[in-house]
Amino acid sequence: MHGGDAESGLTGGLPTAAGNDASQALADLVPGSRARVVGVVVDGAPDVARRLYDLGFTPGTVVDVVRRAPLRDPVVYQVKDYEVCLRREQAACVRTVEAHR
């Protein structure tokens, strides 16, 4: 690897959230919650990080949890001006902090 740290190498050069104690995974939020994205954490899957960034899960973005499927997976999120449906495994990669309404 040339230049940069090992963590950015795992995400294809994309910034990631460190293990922040105050943050929680998007997958852990309940419908009706609002959160602000602080980063994306992936373990050796830069394609997943890139896809989440492309879908709008970038640091500072406010996300609303809209609804869950009956078996809790997948979940619909309001990101910017559209809705995105993610599986829990994907949503677990997005780190968030509480955002007030």
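The values are calculated or read from the model by the stated rules, or taken from the named source; none is laboratory data. Computed from a prediction, not measured in an experiment: that's the story for all the values here. Surface areas here come from the heavy atoms of the whole protein model, side chains and all, with no ligands, DNA or RNA. Shrake-Rupley method; radii C 1.70, N 1.55, O 1.52, S 1.80 Å.
Per residue, segment 21-70 exposes 49 Å² of accessible surface when a 1.4 Å probe is rolled over the protein heavy atoms with every protein chain present.
Calculate, in nm to one decimal, what Val97 and Asp43 gain on full extension: separation in residues at 0.36 nm each, minus their alpha carbon distance.
Numbers: separation 54, 0.36 × 54 = 19.44 nm, distance 2.05 nm.
That pair, Val97 and Asp43, stretches by 17.4 nm at full extension.
At the residue level, Arg88 shows approximately 70 square angstrom of accessible surface with a 1.4 angstrom probe and all protein chains present.
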